[in-house]
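Every number here is computed from the coordinates shown, using simple stated rules; none is lab data. Nothing here was measured: the structure is a model prediction, and the numbers come from that model. Every residue, glycine among them, receives a Cβ derived from its backbone with ideal geometry; neighbour counts consider all protein chains shown.
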Amino acid sequence: MLPDSLPPARLFSFLLTIFVFCASLVGMDKVVILRDGVSTELEGEIVVEAQDGGLMFRGTDGRIWMIQPKEIKTRLTNDSPFAGLSTKDIGQQLISRLPKSSTPYRVMQTNGYSIVYNTTPAFANWVKGVYLRLNVGFRNFWKNNGIEINKPDVPLCVVIFRTKEEFDAYSISTLGGVQGNALAYYNMQTNQVVMYDLTNSSSIRGGTGGSTSKINALLQQPQAANMVATIVHEAVHQISFNSGLQTRFGPCPFWLNEGLAMFFEVPDLRSRRGWNGIGKVNQVRLVQLKKMLAADTTGFFDAVIGSDDRFRKPDEILDAYAEAWALNYYLIKRKPKQFVAYLKELSNLPPLTEVEETERVTFFEKHFGPLGQVKKECFNFVLK
């Protein structure tokens, strides 16, 4: 799940006046803003500047700020290149901003990740192991397919709460809440993956958190598959948007965002970590796809290519996710060169670019051919 992380009204007003993509080619920027009566000094880079002086600003902690012209009090630029905070500093800064907890927060620093947690070290270590394995696999996969993945210039932050109650409270304060019974999410604005200790989930029999042996025992349960798939899915979003593969707040369609994450998410409960490998058939999505196609094949793919609306409708979202997985699975497996070319061209479009429905379809067909033909080939390939 990739939640909207900006208030719609503020994002809409910002889009109206977009003028130029900056990418901070000069150096580090310092901006002092006054918002809700509080003065805040930001250091980082201006990503986009609007015609009216509004800014899309990326801080040294990776957070994206949408700043209205009237909020800007001072603005300076120096010759120093952009430099993100260290894993230690970004972790300590994050702890200072998290809600108070009866269990102290700790920071685990490892290979470009800063993992902040107030649950057991065993669960935090398990997440770390999964994410490091995913990171290596992700980079090797795209390198073998002709895309050099950039090293993130800001540490990747992961927040693990001990309880679902803490997770829910934090998601409300930062996002206004998350959909349904979400186990984790990637916040595109704060650049954080947020979850809770999923071994405490009521969906996992006997889940009480604890030792590594307890976690390994829980991974033997079928219900653990969704737990593993969820945390890998959200990590793929985070890596993609911090490695140059995709652009944060860029015009990337949901079918690509979500389908790409599902291509990598498939769990393997026979593995010690619960995940091992990339590009396996996603059985959960395949079952949903077959159910959908048994009822109606006329709208297969058409709606998700041109619009993201199906992903926002509760009664259609499962079908949309199934279509997104199938489409990515087919294109990556059968049209890898075209898929890479599509990704590269899409990643070069500036943030906050608006693309009309007809333009999305035209752009798709430019790389993959007529939609009707792709639809037929994908249908046959996936169901076989």
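Any of LYS143/LYS290; LYS313/LYS366; LYS291/LYS375 with alpha carbons more than 26 Å apart? Name them for me.
LYS143/LYS290; LYS313/LYS366
Once the piece of chain linking SER213 and SER80 is laid out straight, how much longer is it, given 0.36 nm per residue of separation minus the C-alpha distance between them?
Residue separation times 0.36 nm, minus the Cα-Cα distance, leaves 43.1 nm.
Given Cα pairs under 8 Å that are at least 6 residues apart, what percent is the relative contact order of segment 87-245?
The value is 23 percent.
When the Karplus curve 6.51 cos²θ - 1.76 cosθ + 1.60 is applied with θ = phi - 60°, which whole-Hz ³J(HN,Hα) does each residue of segment 43-58 get, with x for Gly and Pro?
Taking θ as phi minus 60°, the curve returns 10, x, 9, 7, 8, 9, 10, 7, 4, 8, x, x, 10, 9, 10, 10 Hz for segment 43-58.
Between PRO69, PRO350, PRO267, where does the largest GNM mean-square fluctuation fall for the chain, given springs only between Cα atoms within less than 10 Å?
In the Gaussian network model the winner is PRO69.
Pick out which of ASN191, ASN328, ASN200 has the largest mean-square fluctuation in a Gaussian network model of the chain, springs linking Cα atoms closer than 10 Å.
ASN200
Given 0.36 nm per residue, what is the gain on full extension from GLU356 to ALA169 after removing their alpha carbon distance, in nm?
63.7 nm
Computed FRET efficiency, Cβ-Cβ of LYS30 and GLN109, R0 30 Å: what is it to the nearest 0.05?
Rounded to the nearest 0.05, the efficiency is 0.70.
Note down the nm distance, to one decimal, between modelled labels 7 Å out along Cα→Cβ at GLN221 and at LYS291.
Distance between label points: 2.2 nm.
Looking at segment 74-132, which trypsin sites (Lys or Arg not before Pro) are DSSP coil and have at most 10 other C-beta atoms within 10 Å of their C-beta?
Qualifying residues, ordered by number: LYS100.
Set the Förster distance to 35 Å, then compute FRET efficiency between LEU318 and LYS376 from the Cβ-Cβ distance, nearest 0.05.
E between LEU318 and LYS376, to the nearest 0.05, is 0.95.
Quick one: net charge around VAL107, please, counting Lys, Arg +1 and Asp, Glu -1 for every other residue with C-beta under 14 Å from its C-beta.
That works out to +2.
For the chain, set up a GNM with springs between Cα atoms under 10 Å and report which of VAL178, VAL158, VAL236 has the largest fluctuation.
VAL178
Which label belongs to the value computed from this structure, given these candidates for Rg/Rh (Cα atoms, Kirkwood Rh): [x] 0.99; [y] 0.96; [z] 1.08?
Matching the structure shown: [y].
Helix-derived [θ] at 222 nm for the chain: sum -39500 (n - 2.57) over DSSP H runs of at least 4, divide by residue count, nearest 500?
Per the formula, -13500 deg cm²/dmol.
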